[in-house]
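The values are calculated or read from the model by the stated rules, or taken from the named source; none is laboratory data. What you are looking at is a predicted structure, and each value in this text was computed from that prediction instead of being measured. Virtual Cβ from ideal backbone geometry, glycine too; neighbours counted across all protein chains shown.
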Amino acid sequence: MENRKKYYLIISHNTSFSSIQKMNIKNVQYYSTLLFITLLTLIFNDSCESILSTNKTTKKFSDESIPKVLMLKGKKYSFGQIIMPEKLLVKKNHLVIGEHPKTNMVVPPIHVVDRTTMEYQFSKGVIGFGPGEISDVWILDEGNMEDTFWVYSATEKRFSEFSLLDTLYLSDRQIKQSGSFFLAIAMAWSSDTTVICRSANDEHQFVEYHIDGTRLGGYGCWKDFLVRKEMNDFMMGDLHQGWFKGSQQKGIYVSAGVRRDRLEILHKKEVEIIMVDGPENRIPKFKIVSGSGQSPAVIVSADEAYTYRDVCIGDKFIYGLYCGRTNKQIMETNENAMEIYVFDFEGNIQGELRLDMSIRTLAVDEGTGKIFGVTTDEDPGIAVFDLPSLN
């Protein structure tokens, strides 16, 4: 990553004129000057680039360019306490499992399993919208504390912390989204007080917020690689929806496309985004549809295959769980994803892992050499595969 660009934040002005009127004359002069400078910046500079200048690189791979293909055989584990596992997270000696929203009123939404013995330990979480409760398990994040993890609930727009040292069901620390922060649809910690997000409608690929709701800046501009001239930021974000994971320790954040075979890898410290296309290297067929006063939306053809189904950031590699099947094929065969593409942190393809059973999500523990996946059969459980060496 040589010759990476540095970035410069432009101060933004969020104070309303009504609040300025309540201040003394000195403060009014100060904020008026600040507002004038900000307006000049927006007029004479590109609004996206003025917030953050990001170095971008695009790489490609195909089936023919994959250096190594390995076959993996898994072992399935079932648990009577878990009905429909969906999300996975490895934290210390634990495998944290999030239930699918359909089962949230039947069993607790979070389960903890010993990742070594694969024995059930305890459950956590209460479904609801009250203090300490969660509406769903959309993202599991390892967080920044040794013995806790975080749950992002997409329905209620709330981030909740849980401890691995007790069996309490309620979260004792929660962060509620508000203001422009409400537009964030996925997030991961970037410091003790900030998060990197994907947004439902923003000019940037990645956005950083303080947990108090203050928008700190963005990384990468959608307009720099418009698929069609008429597409706006919302449409570009819609087409590039993906599964999002982040590692605060490594400063790496990844979005794996659901409908386009593209990985977007943000190196936060270096202010660099690496985009990796493949293996199909094509943009899916889609239509832009609008009506009834709604914002135009991107509708991908039903004949197009789903691409990535999940992504995981390990200690050395990035693992992309790949589908390559249409919704019709998935419904007919009950097979979702059976390939894992492995990349280094620079986005270079290292190999392909072919599984002997279908999974829908994954977690990787490079320390013990294990891959965990949620199976897609009629009685879903947890599949465990031995992780081979890719060196």
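Miscellaneous remarks
- Some residue of the range 108-122 being under 24 Å from the mean Cα position of the chain (by Cα) and surrounded by fewer than 12 Cβ atoms within 10 Å (Cβ to Cβ): no
- Here Ser301, Ser295 are screened, and the one residue that is surrounded by fewer than 20 Cβ atoms within 10 Å (Cβ to Cβ), touching a Pro at 6+ places or on another chain (Cβ under 8 Å), farther than 25 Å from Asn391 by Cα and among the hydroxyl-bearing types (Ser, Thr, Tyr) is Ser301.
- Residue within the range 360-382 that is touching a residue at least 12 places away in the same chain (Cβ under 8 Å), more than 25 Å from Lys250 (Cβ to Cβ) and touching a Phe, Trp or Tyr at 6+ places or on another chain (Cβ under 9 Å) present: yes
- Test: residue in the range 162-176 that is crowded, with 21+ Cβ neighbours inside 10 Å, under 16 Å from the mean Cα position of the chain (by Cα) and of a type in the set (A, V, I, L, M, F, W, C): no
- Evaluation of Lys229 against (1) at pLDDT 95 or above; (2) farther than 15 Å from Asp277 by Cβ (one fails), failing number: (1)
- Residue match in the range 356-371 (condition: under 23 Å from the mean Cα position of the chain (by Cα), charged (D, E, K, R) and under 17 Å from Gly278 (Cβ atoms)): no
- Number of residues in the range 196-206 that are hydrophobic (A, V, I, L, M, F, W, C), surrounded by 21 or more Cβ atoms within 10 Å (Cβ to Cβ) and in contact with a Gly (Cβ under 8 Å, 6 or more places away or on another chain) equals 2.
- Leading residue by the ranking (farthest from Glu230 (Cα to Cα)) among those in the range 283-301 that are in a loop (DSSP other than H, G, I, E, B) and at pLDDT 95 or above: Ser301
- Condition check for Ser135: hydroxyl-bearing (Ser, Thr, Tyr), closer than 30 Å to Gln205 by Cβ, at pLDDT below 95 and out of contact with any His (no Cβ under 9 Å at 6 or more places or on another chain): no
- Qualifying residue in the range 62-76 (condition: polar (S, T, N, Q), exposed (fewer than 15 other Cβ atoms within 10 Å of the Cβ), touching a residue at least 24 places away in the same chain (Cβ under 8 Å) and within 15 Å of Ile382 (Cβ to Cβ)): no
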